[in-house]
Ligand SMILES: NC(=O)c1ccc[n+]([C@@H]2O[C@H](COP(=O)([O-])OP(=O)(O)OC[C@H]3O[C@@H](n4cnc5c(N)ncnc54)[C@H](O)[C@@H]3O)[C@@H](O)[C@H]2O)c1
């Protein structure tokens with residue numbers, strides 16, 4: 001049977017993920033959205049791209065969940081962005097309802113799938129998917145760290161005028177203003193950036209990384225999709241090809257980094273069974289304090305969730 005990935009939400013991010021999976025011939029894709037016509041139209045458009053781009057991956061658009069059965073991976077991008085006078089909490093509850101509903105539908109049809117959550121607020125939506133699916137933490141992960149570190153990698157490459165391929169960046173913590181970019185562990189061809197870039201410029205890169213999402217929203221009036229889409233595809237590829245790649249992902253911690261029962265961005269080993277290991281690195285007191293502050297911000301959101309099961313169960 002051919003590998004199958006379901007992508008729920010055929011908006012900017014979802015469609016980019018579907019296209020990335022097809023371009024790399026990683027799997028056939030079922031693209032689901034509540035807006036009738038959109039997933040069908042985008043899938044047809046991408047199927048018609050296949051002869052030109054030379055990929056043999058079939059996309060199918062649908063507004064029901066029929067056909068998503070036995071997916072290997074389900075990517076959840078469904079949700080609404082913040083509008084008008086909507087508060088962050090309003091957004092939290094609207095997307096909580098959407099992600100809970102989506103999770104229920106996909107988990108029932110694909111009980112062995114690995115869930116990759118993209119919808120915001122990311123860490124809280126991962127928790128909703130974990131609670132509703134009942135899947136083990138190894139199979140419910142969130143995409144944020146790959147994106148945040150890709151942004152930082154680009155800023156480092158741009159600063160030093162070197163290939164982006166030479167750069168590695170390390171970002172821990174929740175996906176929000178409190179994320180923790182770690183210059184000490186960020187390198188260019190193996191050399192820590194602290195040896196290559198002045199403290200002042202590193203501080204500017206760290207600040208720009210933290211504001212990376214907001215910088216794009218300021219320009220586009222909506223959130224990014226090319227880099228978020230590509231980052232999600234990197235996770236999908238690591239799983240389907242069993243690469244055991246170390247990537248920063250939102251993972252449910254049960255004591256690692258001294259954090260309990262919360263989704264926080266940490267480096268994990270990603271392979272065919274999902275999260276195969278959480279990599280713990282030594283932190284300075286300042287870095288640990290920043291990570292704890294980030295975890296506290298995630299905890300505050302978790303406490304507002306309405307999804308049945310109490311935190312920590
Ligand atoms: N984790 C990250 O780093 C990251 C990065 C970018 C965007 N995001 C988040 O990803 C989500 C999607 O962003 P986007 O730019 O693609 O938004 P978008 O508005 O373009 O797409 C969202 C899609 O979800 C669909 N949808 C809504 N409710 C649904 C439901 N119940 N079932 C199926 N589909 C449903 C909508 O019809 C829409 O097509 C947002 O929550 C955004 O904040 C996260």
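The values are calculated or read from the model by the stated rules, or taken from the named source; none is laboratory data. Bear in mind the structure is a predicted one, so any value in this text is a computation, not a measurement. Cβ sites come from the backbone with ideal geometry, for glycine too, and all protein chains shown count toward neighbours.
Looking only at the stretch 46-66, which residues are under 20 Å from residue 101 (Cβ atoms) and either surrounded by 15 or more Cβ atoms within 10 Å (Cβ to Cβ) or touching a helix residue (DSSP H, G or I) at 6+ places or on another chain (Cβ under 7 Å) (or both)? Within the stretch 46-66, 61, 62, 63, 65 qualify. Any chance you could count how many residues in the stretch 162-183 are surrounded by fewer than 15 Cβ atoms within 10 Å (Cβ to Cβ) and touching a residue at least 24 places away in the same chain (Cβ under 8 Å)? Final tally of qualifying residues: 2. Counting only strands (runs of 3 or more DSSP E) that sit completely within the stretch 229-290, those holding 1 or more residues that are in contact with a helix residue (DSSP H, G or I) (Cβ under 7 Å, 6 or more places away or on another chain), at pLDDT 95 or above and within 22 Å of residue 210 (Cβ to Cβ) correspond to 245-254, 260-271. Could you grab me the full set of residues in the stretch 123-148 that are buried (at least 24 other Cβ atoms within 10 Å of the Cβ) and out of contact with any helix residue (DSSP H, G or I) (no Cβ under 8 Å at 6 or more places or on another chain)? Within the stretch 123-148, 126, 145 meet the criteria.
Just the residues that are assigned to a loop (DSSP other than H, G, I, E, B), within 9 Å of the ligand (Cβ to nearest atom) and out of contact with any helix residue (DSSP H, G or I) (no Cβ under 6 Å at 6 or more places or on another chain), please, taken from the stretch 9-45. Those that are assigned to a loop (DSSP other than H, G, I, E, B), within 9 Å of the ligand (Cβ to nearest atom) and out of contact with any helix residue (DSSP H, G or I) (no Cβ under 6 Å at 6 or more places or on another chain): 9, 11, 34, 35. Those residues that are part of a loop (DSSP other than H, G, I, E, B) and out of contact with any strand residue (DSSP E or B) (no Cβ under 8 Å at 6 or more places or on another chain), I need them from the stretch 187-223; list them, please. Of everything in the stretch 187-223, those that are part of a loop (DSSP other than H, G, I, E, B) and out of contact with any strand residue (DSSP E or B) (no Cβ under 8 Å at 6 or more places or on another chain) turn out to be 189, 190, 197, 198, 211, 221, 222, 223. Going through the stretch 238-279 one residue at a time, which ones are closer than 11 Å to residue 295 by Cα and surrounded by fewer than 22 Cβ atoms within 10 Å (Cβ to Cβ)? Of everything in the stretch 238-279, those that are closer than 11 Å to residue 295 by Cα and surrounded by fewer than 22 Cβ atoms within 10 Å (Cβ to Cβ) turn out to be 253, 257, 258, 259, 260, 261.
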